[in-house]
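Okay, so here's the structure we're looking at.
The values are calculated or read from the model by the stated rules, or taken from the named source; none is laboratory data. Note that this is a predicted model, so its numbers are computed, not measured. We place every Cβ from the backbone using ideal geometry, glycine too, and count neighbours over all the protein chains shown. Accessible surface is based on the protein model in full, side chains and every heavy atom, while ligands, DNA and RNA are left aside. Shrake-Rupley method; radii C 1.70, N 1.55, O 1.52, S 1.80 Å.
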Amino acid sequence: MITTRFAPSPTGPLHLGHAYAALFAERRAREAGGRFLLRIEDIDETRCRPEFTAAIFADLAWLGLVFETPVRVQSAHFGDYRGVLDQLAARGLLYPCFCTRADIARASRARTPDGAPLYPGTCRALPAERRAALLAAGTPHAFRLDMAAALAACPGPLSHHEAGRGQIPCHPERFGDVVLGRKDCPASYHLAVTHDDAIQGVTLVTRGEDLRPATDLHRLLQALMGWKAPQYAHHRLITDAGGARLAKRTGAAGLRTLGLTPAEIRARLGF
Ligand code: GLU
């Protein structure tokens, strides 16, 4: 049984790129007689707003998309993500990082495949007493995966199954000591998305090509936690007339402001 999901972050109105992702996921499930889930990825409480969550429900209904209920809303499950962090910490795979963005920018200009600064490992080497003192003083900190230790805990090559292409080798080491618990919340996108796909029984992760590099890291987290690996279908991104990817950040137009009917939106996107 195929289970797919559409997993938007409620940081703004849905645009055509979201509609494509939702229709793509729904079609893959429907064609296979499978399940289609909606998941609200709202761990970033500074950027996500309840009114955008409400608008996602309304826009999907307007598009004629039917998903299973109840819908998982990530902000209601921080305890689950904290539990995973605790398990990784108990296995010596996680360490607190007290660096600020400026500290990291000064120490390294390199980038991870998803464009984040590549962490130079400063806090991995902190003497135990210094680490304890900083924690005791309540110094704000994130939790980072000790990538070398994680790779040692998962020997053997990792790969992911890409629809239509088969097994593709993964190189999670390119992410370095990635943040799994943010300073402002006990989760990160990478942790929450892999945890939730696993516990919700998602068997086919459909999402835009921009997230393909993250899949390498997600496979490592799945291997570390013993979560079953889903298959993946990374799809094309919808661009504007100038060829730029539609994004909330750059003010992509909300679906309902386009003056198109749901049928016209489906047709324009090739559904
Ligand atoms: N929440 C992510 C986003 O809005 C998508 C997560 C995923 O599909 O893996 O970009």
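This model, with +1 at the C-beta of Lys and Arg and -1 at the C-beta of Asp and Glu, gives the chain a dipole about its Cα centre of some 360 debye.
A cut-off of 5 Å between modelled amide H atoms, ignoring neighbours fewer than 5 places along the same chain, links ALA247 with ALA252. With 5 Å bins beginning at zero, the pair-distance distribution over Cα atoms of the range 7-111 amounts to 2, 10, 15, 15, 14, 14, 11, 10, 6, 2, 0 %. Proximity of backbone amide H atoms, modeled 1.01 Å from N, is registered between LEU269 and no other residue at under 5 Å, excluding neighbours fewer than 5 places apart on the same chain.
For the range 199-211, backbone phi angles converted through the Karplus equation (6.51, -1.76, 1.60; θ = phi - 60°) give residue-by-residue couplings of 6, 8, x, 6, 9, 9, 8, 10, 6, x, 4, 4, 9 Hz, Gly and Pro being listed as x.
Among the GluC sites (Glu not before Pro) in the range 1-104, those placed in a DSSP loop whose Cβ has at most 11 other Cβ atoms within 10 Å are GLU45. For the range 32-92, the share of accessible area belonging to carbon and sulfur comes to 54 percent (1.4 Å probe, ligands and nucleic acids excluded). Computed over neighbours whose Cβ is under 11 Å from that of LEU260, the net charge equals +2, Lys and Arg +1, Asp and Glu -1.
Measuring from each cysteine beta-carbon in the chain, the ones with no other cysteine beta-carbon under 4.7 angstrom are CYS48, CYS99, CYS154, CYS170, CYS185. In this structure the amide hydrogen of THR206, modeled in the peptide plane, comes within under 5 Å of the amide hydrogens of ARG5, ALA233, none closer than 5 places in sequence on its chain.
Give the distance, in whole Å, between the Cα centre of the range 190-218 and the Cα centre of the range 120-171. So the separation of the two Cα centres works out to 17 Å.
Residue order by solvent-accessible surface for ILE40, ILE199 is ILE199, ILE40, largest first, with ligands and nucleic acids left out and a 1.4 Å probe.
Using only DSSP helix segments of four residues or longer, with each worth -39500 (n - 2.57), what per-residue ellipticity at 222 nm results for the chain after dividing by its residue count and rounding to 500? Mind dumping the intermediate values first?
On the way: 9 runs with 98 residues, N = 271.
Rounded to the nearest 500, the figure is -11000 deg cm²/dmol.
Taken about its Cα centre, the range 179-271 carries a charge dipole of about 140 debye when Lys and Arg each add +1 at the Cβ and Asp and Glu each add -1 at the Cβ. Hull volume per residue, based on the alpha-carbon atoms of the chain and their convex hull, is 143 Å³. Shown in residue order for the range 7-12 are the 3J(HN,Hα) couplings computed by the Karplus curve 6.51 cos²θ - 1.76 cosθ + 1.60 at θ = phi - 60°: 10, x, 9, x, 10, x Hz (x for Gly and Pro). Sequentially through the range 170-178, phi angles give Karplus couplings (6.51, -1.76, 1.60; θ = phi - 60°) of 10, 10, x, 4, 5, 8, x, 7, 6 Hz, Gly and Pro residues having no value and appearing as x.
Applying the criteria of a DSSP loop state and at most 14 other Cβ atoms within 10 Å to the trypsin sites (Lys or Arg not before Pro) of the range 88-124 yields ARG91, ARG109.
Ordering HIS161, PRO172, ALA149 by the projection of their Cα atoms onto the charge dipole of the range 89-226, which places +1 on the Cβ of Lys and Arg and -1 on the Cβ of Asp and Glu, puts ALA149 at the extreme positive end.
Report the relative contact order of the chain, percent, no decimals, based on alpha-carbon pairs under 8 angstrom and at least 6 residues apart. Mind dumping the intermediate values first?
Working: 422 pairs, mean separation 63.5, N = 271.
Reported relative contact order: 23 percent.
Using Cβ point charges alone (K and R +1, D and E -1), the dipole size of the range 50-128 about the Cα centre works out to roughly 560 debye.
Antiparallel as a % of all DSSP beta bridges within the chain, to the nearest 5? Spell out each step's value before the answer.
Working: 12 of 24 bridges.
Bridges in the chain are about 50 percent antiparallel.
Between the listed residues ALA198, GLY17, LEU60, the Cα displaced farthest toward the positive end of the dipole of the chain, a dipole computed from Cβ unit charges relative to the Cα centre, is found at GLY17.
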